[in-house]
Amino acid sequence: MRIANNILPAAATLVMALAASPALGGELPADPLGSPMWEYHAEKLFTGGPVVFDSRVKVILPVVAEDQHVVPVTVDARKLDGVKRIVVFADLNPIPVAIDYRPMDAAPFVATRIKLDQRTPVRAAVQLADGSWHVAGEWIDAAGGGCSAPPLSRVRGDWADHLGELRGAAWSEGDTTRLRFGFRHPMDTGLVENIPAYNIETVRVMDADGREVASMDVYGSVAEDPAFTLVVDRDGPMEVAARDTSGLEFAGELAPMSGKKQTAKP
Amino acid sequence: MRVSRRAIIAGLGAAGLAPVLAPALVHAEQFAGTYDPKAEEVADGIWMVRGADEPIAFSNGGAIANSVIIATDDGAVVVDPGPSLSYGRAIRALAERVTGKPVVRVYVTHLHPDHSFGAGAFDARSVHALPATRHDLERDGEGFSDALFRVLADWMKGTTVVMPQGDVTAGEVVIGGRKLRLFALDGHSSGDLAILDEATGTLIGGDLVFHDRAPATPHANLDGWLTALDRLDGVPHDLVIPGHGPLDSGNAAIAQTRDWLTWIQGMLNDAVLSGKDMSEAGATPIPERFADIKVARYELQRSVSHFYPGLEAKLLPMVGN
Ligand SMILES: [Zn+2]
């Protein structure tokens, strides 16, 4: 967190000073969240088209960040047509971008869990086929330490025993299929002493013919044991494959979840 | 290992320690108010001191848990001295005023800071808890302290983590002629003390029992908690003083706590097994019968956070690599 506190605001000042140069597709709209980092991130992320704040992009966050290591974020942009990319980012995180999702044959809907290092806006930026960016988000409070504390599996020391284990299933929803899956992975941020960055960096979904229907870049600010919900425009079994920063690949086929109920109690 | 105190801040809230949306820094410039706890005599020689049925917040000074004062011939017994040093002092003064005697013994029902952090206002040798409670406070006390200072700022002035004697065991104790039966249970946390005042049939449930205020689950084992509730249900009693929420004279609170926990457990299972994500589970409609329960949505979302990743690891099928 010291990193974000000390360096980023300075960077923001610098960028704001330079921001007189007209942005991309036009002027940046004023940030309704009043974030000190809005222009900094906007300049970097929003290439290729105009930027608007758009309430048709739904960013669902909990009332409170009960555990800042595992903060659920859901983005639902199904009210927009022609969505090409969904970028989820937290302005004041030392690793701002969490995921960069490309739903090719999938709905513009994604849920995952991220780490937060302090009170910050969490946003989704949705790019349409015409290049325009549609942005929404909210402030969420977090006590700190989400990115600069070691993951639980590091503390326990058992991360390697389960590395890459994949759990998940598919639920048919008519013409579409909901996929819920997660990998065991420490998702080290590189911000903890003596633990270099080590994270899953891509996730891809293929249909039964091996055609890619969705893909995602994943960053170190996604929570340990990263989990995802996607909705693909297909029926039938889906293959998911992830690769991490050391080149390891984890893959498996998500089977339809049957009607039989298992029980496990918290 | 650098698991900083900060790392556990938000997650370890008692009945509501997760940070509120207002920026914490603002609080540092606000003047903390003065605690003014009120004692209501609910049975002969037993006073209940009500906490606010809210999350821990600057506006309530963290005074959200109920405390209890019991009069004995030797002096007063205080159960749960509250969230801070100054609250502990206020409860101590109140106990002395209503009983006319000094406080001779303090019980801390469990680790959560809204119950335990007022202990510094009393002679440390007179503060007692279950061994598990002391053990948990040794682990989490500093993290709680950081979290409470962050949210409560000035209210916490002078508060330090005071370890209770971890020497309470189940069974009968007699203090100043008053017979108390102690129950060493768990489920809300790893050590939950409940106390029955034999003479009046008053059962002091600690946070095993909530009443018209949604149960908090940051350290809960739901199966264990349900077992503990069965146990308390089997103890003949006339009144229940819950850890949070109003006095229960109609034998409703134990059943209501059980109902809520059972619902949460089933709801979380169903959500995981239908592929919902945490946000969707957190938005699950709350059944009509819980409509009057305070902070229901808030605690529901906290419970999702506490249990969801673990449940998914158990319930979603493993896929071969
Ligand atoms: Zn509690």
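Every number in this text was worked out from the coordinates using simple rules, so none of it is lab data. All figures in this text were calculated on a predicted structure; none of them were measured in a lab. Cβ sites come from the backbone with ideal geometry, for glycine too, and all protein chains shown count toward neighbours.
Observations, loosely collected:
- With a 10 Å cut-off around each Cβ of A:153-159, the average count of Cβ atoms from other chains is 1.
- Ellipsoid fit via the Cα gyration tensor, segment B:5-315: semi-axes of 30, 23, 17 Å, each the root of five times an eigenvalue, largest first.
- The simple spin-label model puts a point 7 Å past each Cα toward its Cβ; for B:Arg125 and A:Asn194 those points are separated by 4.3 nm.
- Sum of side-chain charges, A:Ser35 neighbourhood, beta-carbon under 12 Å (Lys, Arg +1; Asp, Glu -1): -2
- Two-site label geometry, A:Ala241 and B:Lys101: point separation in nm, points 7 Å out along Cα→Cβ: 7.7 nm
- Along its three principal directions, the equivalent ellipsoid of segment B:201-321 from the Cα gyration tensor extends over semi-axes of 30, 15, 10 Å, largest first.
- Viscosity 1.306 mPa s, temperature 10 °C, Stokes-Einstein D of the protein assembly as shown from Kirkwood C-alpha radius, µm²/s: 63 µm²/s
- Averaging 1/r over every pair of different alpha carbons in segment B:252-321 and inverting the result gives a Kirkwood radius of 12.9 Å.
- Among B:Ile204, A:Ile86, a tally of other beta-carbon atoms within 10 Å of each Cβ gives an order, fewest to most, of A:Ile86, B:Ile204.
- Remark: the A:Lys79-A:Leu248 segment gains 57.2 nm on full extension, using 0.36 nm per residue and subtracting the alpha carbon distance.
- Compactness relative to 2.2 N^0.38 Å, alpha carbon Rg of segment A:202-256: 1.15
- Taking every alpha-carbon pair in segment A:20-140 and binning the separations at 10 Å intervals from zero gives 14, 48, 32, 6, 0 percent.
- R0 of 35 Å, Cβ-Cβ distance B:Ser249-B:Lys314: FRET efficiency to nearest 0.05: 0.30
- Two-site FRET efficiency, B:Asp167 against A:Ala255, from Cβ-Cβ distance with R₀ of 41 Å, rounded to 0.05: 0.15
- Top positive-direction residue, dipole computed over segment A:152-265 with Cβ charges, set A:Met216, A:Val155, A:Gly190: A:Val155
- Legend: ranking of residues B:Met278, B:Met267, A:Met37 from fewest to most surrounding C-beta atoms inside 10 Å; resulting order B:Met267, A:Met37, B:Met278.
- Here the gap between B:Glu40 and B:Lys179, fully extended at 0.36 nm per residue and compared with their Cα-Cα distance, gives a gain of 47.9 nm.
- Calculated FRET efficiency for the pair A:Ala160/A:Glu212, C-beta based, R₀ 35 Å, to 0.05: 0.75
- Estimated from helices alone, the mean residue ellipticity of chain B at 222 nm is -10500 deg cm²/dmol (sum of -39500 (n - 2.57) over DSSP H runs with n ≥ 4, per residue).
- Value of relative contact order over segment A:20-140, rounded to a whole percent, pairs C-alpha under 8 Å and six or more apart: 30 percent
- Given A:Lys58/A:Lys115; A:Lys58/B:Lys276; A:Lys115/B:Lys157; B:Lys157/B:Lys294; B:Lys179/B:Lys294; A:Lys79/B:Lys276, the pairs whose alpha carbons are separated by over 26 Å: A:Lys115/B:Lys157; B:Lys157/B:Lys294; B:Lys179/B:Lys294
- Residue exposure proxy: B:Glu299, A:Glu239, ordered by other Cβ atoms within 10 angstrom of their Cβ from fewest to most, comes out as A:Glu239, B:Glu299.
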